[in-house]
Amino acid sequence: MRHGKKFNHLGRQTAHRKAMLANMACSLIEHKRINTTVAKAKALKQFVEPMITKSKTDTTHNRRIVMSRLRQKEAVSELFREVASKIGDRPGGYTRIIKLGNRLGDNADMAMIELVDYNEIYNAGKAPKKTTRRSRRGGNKSTTTPPVEAKASNEEE
């Protein structure tokens, strides 16, 4: 039975799993994309996305929480500096998992996990998002010359 099994244990003891996910998260923050198995990529996504959310607000408390999970000062500083500034307006979904096929040696399902905003191939085709909002109520409809006067001036000529 799977009572209370909320995450994949990845066939490892707790300390080994936490250390492995911390190292993979640091590599993801440093290189912006890494290749791994699908199961590890899914576990890493659950591990790293809450920390990216915490990096949006740069407080001492958030830095200490992230530091206790990542354990590398350079990765934490890069997360709070570069990554947080790039994903500041995104409401979630900071990572993307792309399946690559099977590994030659043991036929394991491989995947590439990457930070979404750092992929120039996918983001190149999208136009920048419009910031103006329009309503259907009408708003200001100011015209410089009414259409009736324009018709009258055309008839006189």
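Considering (1) at pLDDT 95 or above; (2) more than 20 Å from residue 112 (Cβ to Cβ), the lone condition that residue 41 does not fulfil carries the number (2). Restricting segment 14-40 to residues that are open to solvent by 80 Å² or more (accessible area, probe 1.4 Å) and outside any helix (DSSP H, G or I), the residue that is farthest from residue 71 (Cα to Cα) is 35. State whether the residues of segment 76-88 include one that is in contact (Cβ under 8 Å) with a residue 24 or more places away in the chain, among the charged types (D, E, K, R) and outside any helix (DSSP H, G or I). No, the conditions are met nowhere in segment 76-88. Here is a check on your reading of the model: is residue 52 farther than 26 Å from residue 123 by Cβ, of a type in the set (Val, Ile, Thr), modelled with pLDDT of 95 or more and not in a strand (DSSP E or B)? Spelling it out, it is not the case that residue 52 is farther than 26 Å from residue 123 by Cβ, of a type in the set (Val, Ile, Thr), modelled with pLDDT of 95 or more and not in a strand (DSSP E or B).
Is there a residue being at pLDDT below 95 and surrounded by 10 or more Cβ atoms within 10 Å (Cβ to Cβ) anywhere in segment 130-150? Yes, because at least one residue in segment 130-150 is at pLDDT below 95 and surrounded by 10 or more Cβ atoms within 10 Å (Cβ to Cβ).
Working carefully through the options 11, 88, find the one that is exposed (fewer than 15 other Cβ atoms within 10 Å of the Cβ) and on the phi > 0 side of the Ramachandran plot.
None of the other options fit; the residue is 11.
What residue, among those in segment 55-72 that are in a helix (DSSP H, G or I) and among the β-branched types (Val, Ile, Thr), is most open to solvent (accessible area, probe 1.4 Å)? Spell out the reasoning first.
Kept after step one, since they are in a helix (DSSP H, G or I), are these residues of segment 55-72: 55, 60-70.
Then drop every residue that is not among the β-branched types (Val, Ile, Thr), which leaves 60, 65-66.
On the way: 60: 90, 65: 53, 66: 0 Å².
Residue satisfying both the conditions and the ranking: 60.
The values are calculated or read from the model by the stated rules, or taken from the named source; none is laboratory data. The structure displayed is predicted, hence computed values, not measured ones. Here Cβ is always computed from backbone atoms with ideal geometry, including for glycine, and neighbour counts include all displayed protein chains. These accessible areas exclude ligands, DNA and RNA; they are computed on the full protein's heavy atoms, side chains included. Shrake-Rupley method; radii C 1.70, N 1.55, O 1.52, S 1.80 Å.
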